[in-house]
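Student: This is the structure I have questions about; it appears just below.
The values are calculated or read from the model by the stated rules, or taken from the named source; none is laboratory data. Since we're looking at a predicted model, the values are computed, not measured. Here the Cβ is made from the backbone with ideal geometry for all residues, glycine too, and neighbour counts use every protein chain on show. When the accessible area is computed, the model is the full protein with side chains, heavy atoms only, and any ligands, DNA or RNA have been set aside. Shrake-Rupley method; radii C 1.70, N 1.55, O 1.52, S 1.80 Å.
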Amino acid sequence: MLDLAIIGGGPAGLSAGLYATRGGLKKVTMFEKGMPGGQITSSSEIENYPGVAQVLDGISFMTPWNEQCMRFGLKHEMVGVEQISKNLDGSFTVKLEGGKSEQAKAVIVCTGSTPRRAGFKGENEFFGKGVSTCATCDGFFYKNKEVAVLGGGDTALEEALYLANICSKVYLIHRRDEFRAAPSTVEKVKNNEKIELITNAVVDEVCGDNMGVNKVKVVFNDGSKRELDVPGIFTFVGLNVRNEILKQDNGKFLCAMEDGGQVSVDLKMQTNIAGLFAAGDLRKDAPKQVICAAGDGAVAALSALAYIENLSV
């Protein structure tokens, strides 16, 4: 039986693994189907992580985390997790893809979140064919072309700035006339000659053909309309938490949840189920910042250490 199972390999999961193994746990496995790093690896620019003065892209930023966080014996199992359930003896069953399962004394869930769909016409039809949620991944395909960006938060504005270095022009569309991003980022966007702000507006539809997107239709709050002849649009309108593995066979969740699907935890990242912890974007009131996720993972690991120690008393 594992001492601790960690589900998810982003900043929260990696930090949890570091603190758990360095804290003395010998059998700790982090289940992450892909390469560790998490959603932040798709970011084009990170400049607000304390202690890292150099501005880095997400992949470069996360690369040293893997080596450091596995230095004390953390094991990475490259397999997906389908479900977590609690056994009558108080342990947990981690059901894996392929029909296998693992038993663990405690579990930390760090499954994070995924970009939310904006909901405009044609979004699903052209997703991956002109509609994208990752400027770092797909920005190169629009070199010296015009593109649109939808959103008003930090991610949307940061990615608009990134695209402005590649594309001939960036239309930034936001439903309000004020942005939620950091003031310094807003100032950079407003001072960038290649970015045109289209505010008090929403995307109504994307149009295209077999080759992909070729037009974005915008509707303003006053009812007026505008069409943008662009081959691509990048949407950054929030995140949906990945809580599917906590759903049980009866359709209910293993632990208490918030209305938005986030996991309810206390300040120790403990759920209402003994031995089950949640950290990072998945937990309630998460700021969705790397430094916060890393802190969550450390707290959850320390709490798990105390829980497992008490089991043997």
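Student: If you scan region 277-313, which residues turn out to be open to solvent by less than 20 Å² (accessible area, probe 1.4 Å) and at positive phi?
Tutor: Gly280, the sole residue that qualifies.
Student: Also: Select from region 88-134 the residues that are under 21 Å from Glu77 (Cα atoms) and of a type in the set (A, V, I, L, M) and list them in ascending order.
Tutor: Result: Val94, Leu96, Ala104, Ala106, Val107, Ile108, Val109.
Student: Within the set of pairs 6+ apart or on separate chains, which have a first residue in region 129-156 that is farther than 13 Å from Tyr171 by Cα, a second that is assigned to a helix (DSSP H, G or I) and acidic (Asp, Glu), and C-beta atoms under 9 Å apart?
Tutor: Final answer for the pair search is Ser132/Asp138; Cys134/Glu159; Ala135/Glu158; Ala135/Glu159; Thr136/Glu159; Gly139/Glu159.
Student: Let me ask you something else. Looking at region 127-139 only, could you name the residues that are in a loop (DSSP other than H, G, I, E, B) and of a type in the set (Gly, Ala, Ser)? Write out each step before concluding.
Tutor: Filtering region 127-139 for residues in a loop (DSSP other than H, G, I, E, B) gives 128-130, 133-134.
Those that are in a loop (DSSP other than H, G, I, E, B) and of a type in the set (Gly, Ala, Ser): Gly128, Gly130.
Student: Among the residues of region 142-158, is any modelled with pLDDT of 95 or more, within 24 Å of Glu125 (Cα to Cα), in contact with a strand residue (DSSP E or B) (Cβ under 7 Å, 6 or more places away or on another chain) and among the hydroxyl-bearing types (Ser, Thr, Tyr)?
Tutor: no
Student: One residue is enough: does region 105-126 have a residue meeting the conditions among the acidic types (Asp, Glu), in contact (Cβ under 8 Å) with a residue 40 or more places away in the chain and either touching a Phe, Trp or Tyr at 6+ places or on another chain (Cβ under 9 Å) or part of a strand (DSSP E or B) (or both)?
Tutor: Among the residues of region 105-126, not one is among the acidic types (Asp, Glu), in contact (Cβ under 8 Å) with a residue 40 or more places away in the chain and either touching a Phe, Trp or Tyr at 6+ places or on another chain (Cβ under 9 Å) or part of a strand (DSSP E or B) (or both), which makes the answer no.
Student: Shifting gears a bit: I'm trying to understand the selection: among the residues of region 234-276, which are β-branched (Val, Ile, Thr), farther than 23 Å from Gly90 by Cβ and either open to solvent by less than 20 Å² (accessible area, probe 1.4 Å) or not in a loop (DSSP other than H, G, I, E, B) (or both)?
Tutor: The initial filter retains those residues of region 234-276 that are β-branched (Val, Ile, Thr), namely 235, 237, 241, 245, 263, 265, 271, 273.
Pick out the ones that are also farther than 23 Å from Gly90 by Cβ and you get 235, 237, 241.
Across region 234-276, the qualifying residues are Thr235, Val241.
Student: Exactly one of (1) open to solvent by 10 Å² or more (accessible area, probe 1.4 Å); (2) in a helix (DSSP H, G or I) is unmet by Glu193. Its number?
Tutor: (2)
Student: Right, here's the next one. Report the residue count in region 91-128 for those that are under 22 Å from Leu4 (Cβ atoms), open to solvent by 20 Å² or more (accessible area, probe 1.4 Å) and either modelled with pLDDT under 95 or small (Gly, Ala, Ser) (or both). Even if it seems obvious, please write down each step before you answer.
Tutor: Step one: filter region 91-128 for residues under 22 Å from Leu4 (Cβ atoms), giving 91-98, 100-112.
Narrowing the set further to residues that are open to solvent by 20 Å² or more (accessible area, probe 1.4 Å) leaves 93, 95, 97-98, 100-103, 105, 111.
Add one more test, that the residue is either modelled with pLDDT under 95 or small (Gly, Ala, Ser) (or both), and what stays is 98, 101.
Residues flagged as under 22 Å from Leu4 (Cβ atoms), open to solvent by 20 Å² or more (accessible area, probe 1.4 Å) and either modelled with pLDDT under 95 or small (Gly, Ala, Ser) (or both) within region 91-128 amount to 2.
Conditions tested, residue by residue: (1) more than 26 Å from Asp222 (Cα to Cα); (2) under 18 Å from the mean Cα position of the chain (by Cα); (3) open to solvent by 10 Å² or more (accessible area, probe 1.4 Å).
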| residue | (1), (2), (3) |
| --- | --- |
| Asn144 | yes, no, yes |
| Ala156 | no, yes, no |
| Ala160 | no, no, no |
| Ile166 | yes, no, yes |
| Lys169 | no, no, yes |
| Asp177 | no, no, yes |
| Ala182 | yes, no, yes |
| Lys188 | yes, no, yes |
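Student: Applying the selection to region 253-268, what residues are within 18 Å of Lys288 (Cα to Cα) and in contact (Cβ under 8 Å) with a residue 60 or more places away in the chain? Before you say what the answer is, go through the steps one by one.
Tutor: Within region 253-268, the first condition is being within 18 Å of Lys288 (Cα to Cα), and the residues that meet it are 257-268.
Val263, the sole residue that qualifies.
Student: Among (1) within 22 Å of Gln39 (Cβ to Cβ); (2) touching a Lys or Arg at 6+ places or on another chain (Cβ under 9 Å); (3) assigned to a strand (DSSP E or B), which single condition is Ile166 missing?
Tutor: (3)
Student: Looking only at region 39-54, how many residues end up being part of a loop (DSSP other than H, G, I, E, B) and modelled with pLDDT under 90?
Tutor: To start, the set of residues in region 39-54 that are part of a loop (DSSP other than H, G, I, E, B) comprises 43-45, 47-54.
Then drop every residue that is not modelled with pLDDT under 90, which leaves 43-45, 47-48.
Number satisfying all stated conditions: 5.
Student: If you don't mind, another one. Return a yes/no flag: does region 79-87 have any residue that is in contact with a Ser or Thr (Cβ under 9 Å, 6 or more places away or on another chain) and of a type in the set (Lys, Arg).
Tutor: Among the residues of region 79-87, at least one is in contact with a Ser or Thr (Cβ under 9 Å, 6 or more places away or on another chain) and of a type in the set (Lys, Arg), which makes the answer yes.
Student: Separate question: With the condition kept exactly as written, say whether any residue in region 64-82 is under 17 Å from the mean Cα position of the chain (by Cα), surrounded by 13 or more Cβ atoms within 10 Å (Cβ to Cβ), over 25 Å from Ser264 (Cα atoms) and modelled with pLDDT of 95 or more.
Tutor: yes
Student: Turning to a different aspect of this structure: Name the residues in region 12-40 that are of a type in the set (Val, Ile, Thr) and closer than 13 Å to Val107 by Cβ, would you?
Tutor: Within region 12-40, the first condition is being of a type in the set (Val, Ile, Thr), and the residues that meet it are 21, 28-29, 40.
Matches in region 12-40: Val28, Thr29.
Residues are listed down the side, and each one gets a yes or a no for (1) in contact (Cβ under 8 Å) with a residue 60 or more places away in the chain; (2) over 23 Å from Met269 (Cβ atoms); (3) open to solvent by 50 Å² or more (accessible area, probe 1.4 Å):
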residue: Leu14; (1), (2), (3): yes, no, no
residue: Gly23; (1), (2), (3): yes, no, no
residue: Val28; (1), (2), (3): no, no, no
residue: Pro36; (1), (2), (3): no, no, no
residue: Ile46; (1), (2), (3): yes, yes, no
residue: Ala53; (1), (2), (3): no, yes, yes
residue: Leu56; (1), (2), (3): no, yes, no
